[in-house]
Amino acid sequence: MERDQFKFDGPASARLTLVLAHGAGAPMDSPFMATVARGLAGGDLRVARFDFPYMTGRREHRGRSVPDREPVLLERWREVIESLGGGRQLAIGGKSLGGRIASMLADEAQVRGLVCLGYPFHSPGKAASDARLKHLKLMRTPTLIVQGTRDSFGSRTEVESYELPRQIRVAWIDDGDHSFKPRARSGRTEQQNLAAAIAAVHDFLKTLLH
């Protein structure tokens, strides 16, 4: 991939680059992605964002299109990792779909860490599928999953029953949905929950620098 296909936040001299892919419905420069990237970037950390091919197509043709098939998404991730210097230089992850696809090749790419922001363990109203859990249970890469406690793609009660390996940490965002938004009656704000998510990721990434 060409460098102009990325959005970068943070210094080029940073010791670690976190690469983030977007979720199924919104691009790399959505408010959620921009808030997280800018909140993390600085000091020893640089953040890179990119679009999957279908999202690039939406920009060019100004229309809606469904996400690419899994092999296309995986290949884009491989291109991204190679163009940014290889897995040993990087932590990877993303929002929902972007983080799930990253998780499927984290071990293969030998990245330093994986960050999933709202992992889609299952479609809303359905049970978790083996396809979305099997590779996680074999995960060797240090991993952080940041998950809202009432995420319809995997609530706290559900996720805590999955017996994930110790390489996977889960940071819970109080009353958060799939994008960490709380209900008004919770007494929390979306800004507070995003700040909590950013803090959890920042603390995790610091452990990768030691």
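The values are calculated or read from the model by the stated rules, or taken from the named source; none is laboratory data. Values in this document were obtained by computation on a predicted structure and should not be read as measured data. Here the Cβ positions follow ideal geometry from the backbone for every residue, glycine too, while neighbour counts run over all protein chains shown. Surface accessibility is based on the protein's heavy atoms, side chains included, excluding ligands, DNA and RNA. Shrake-Rupley method; radii C 1.70, N 1.55, O 1.52, S 1.80 Å.
Quick one: in the chain, what % of C-alpha pairs are over 25 Å apart? Walk me through the numbers before you get to the answer.
Numbers: 7186 of 21945 pairs.
Across the chain, Cα pairs with separations above 25 Å total 33 percent.
Please work out, to two decimal places, the log10 of the ratio I(q)/I(0) at q = 0.10, 0.18 Å⁻¹ from a Debye calculation in which every Cα of segment 82-200 carries one identical scatterer.
Taken in order of the listed q values, log10 I(q)/I(0) reads -0.29, -0.89.
Taking only C-alpha pairs under 8 Å that are 6+ residues apart, what is the relative contact order of the chain in percent?
Numbers: 401 pairs, mean separation 34.9, N = 210.
17 percent.
Once the other residues with Cβ under 14 Å from the Cβ of HIS22 are scored (Lys, Arg +1; Asp, Glu -1), what is the net sum? Before the final figure, lay out each step's value.
Numbers: positive: LYS7, ARG49, ARG58, ARG59, ARG76, LYS95, ARG100; negative: ASP29, ASP51, ASP68.
The answer is +4.
Which value, in debye to the nearest 20, gives the size of the charge dipole of segment 1-133 about its Cα centre, when Lys and Arg are +1 and Asp and Glu are -1 at the Cβ? Spell out each step's value before the answer.
Working: 19 positive and 15 negative charges, 72 e Å.
With only Lys, Arg, Asp and Glu charged at Cβ, the dipole is about 340 debye.
When the convex hull of the Cα atoms of segment 114-167 is projected onto a plane and the area is averaged over all directions, what value comes out in nm²? Mind showing how you got there, number by number?
Working: hull surface 13.6 nm².
Across all orientations, segment 114-167 yields a mean hull projection of 3.4 nm².
Quick check: at a probe of 1.4 Å, how many percent of the accessible area of the chain sits on carbon and sulfur atoms? Numbers along the way, then the final one.
Working: 4810 of 10170 Å².
After summing per-atom areas, the C and S share lands at 47 percent.
If you put +1 on each Lys and Arg Cβ and -1 on each Asp and Glu Cβ, how big is the dipole of segment 136-192 around its Cα centre, in Debye rounded to 20?
Values: 10 positive and 8 negative charges, 25 e Å.
Charge dipole of segment 136-192: 120 debye, to the nearest 20.
Which residues' amide hydrogens lie under 5 Å from the amide hydrogen of ILE173, considering only partners 5 or more residues apart or on another chain, with H built in the peptide plane?
Answer set, sorted by chain and number: GLN147, GLY148, THR149.
Skip the ligands, DNA and RNA, and give the accessible area per residue of the chain with a 1.4 Å probe, whole Å².
Working: 10170 Å² over 210 residues.
Here the residues of the chain average 48 Å² of exposed surface.
Excluding LYS181 itself, what net charge comes from residues whose Cβ is under 12 Å from its Cβ, given Lys and Arg +1 and Asp and Glu -1?
Numbers: positive: ARG150, ARG183, ARG188; negative: ASP151, ASP174, ASP175, ASP177, GLU190.
With Lys, Arg at +1 and Asp, Glu at -1, the net is -2.
Cross-chain or 8 or more residues apart, Cα under 23 Å: how many lysine pairs in segment 54-210 fit that? Count them up, please.
Numbers: LYS95/LYS126; LYS95/LYS134; LYS95/LYS137; LYS95/LYS181; LYS95/LYS206; LYS126/LYS134; LYS126/LYS137; LYS126/LYS181.
Total qualifying Lys-Lys pairs in segment 54-210 comes to 8.
Please work out the C-alpha center-to-center distance from segment 139-180 to segment 44-97 and express it in whole Å.
22 Å
What is the sum of charges around LYS137, taking Lys and Arg as +1, Asp and Glu as -1, for the other residues whose C-beta is under 14 Å from the C-beta of LYS137? The partial results should precede the final answer.
Values: positive: ARG132, LYS134, ARG140, ARG166; negative: ASP107, ASP130, GLU163.
Taking every Cβ under 14 Å from that of LYS137, the sum is +1.
Average projected area of the Cα convex hull of segment 59-116, in nm²?
Values: hull surface 17.3 nm².
Computed as one quarter of the Cα hull surface, the answer is 4.3 nm².
Between GLY187, PHE50, LEU205, whose Cα lies farthest towards the positive end of the dipole of the chain when Lys and Arg beta carbons carry +1 and Asp and Glu beta carbons carry -1, centred on the Cα centre?
GLY187
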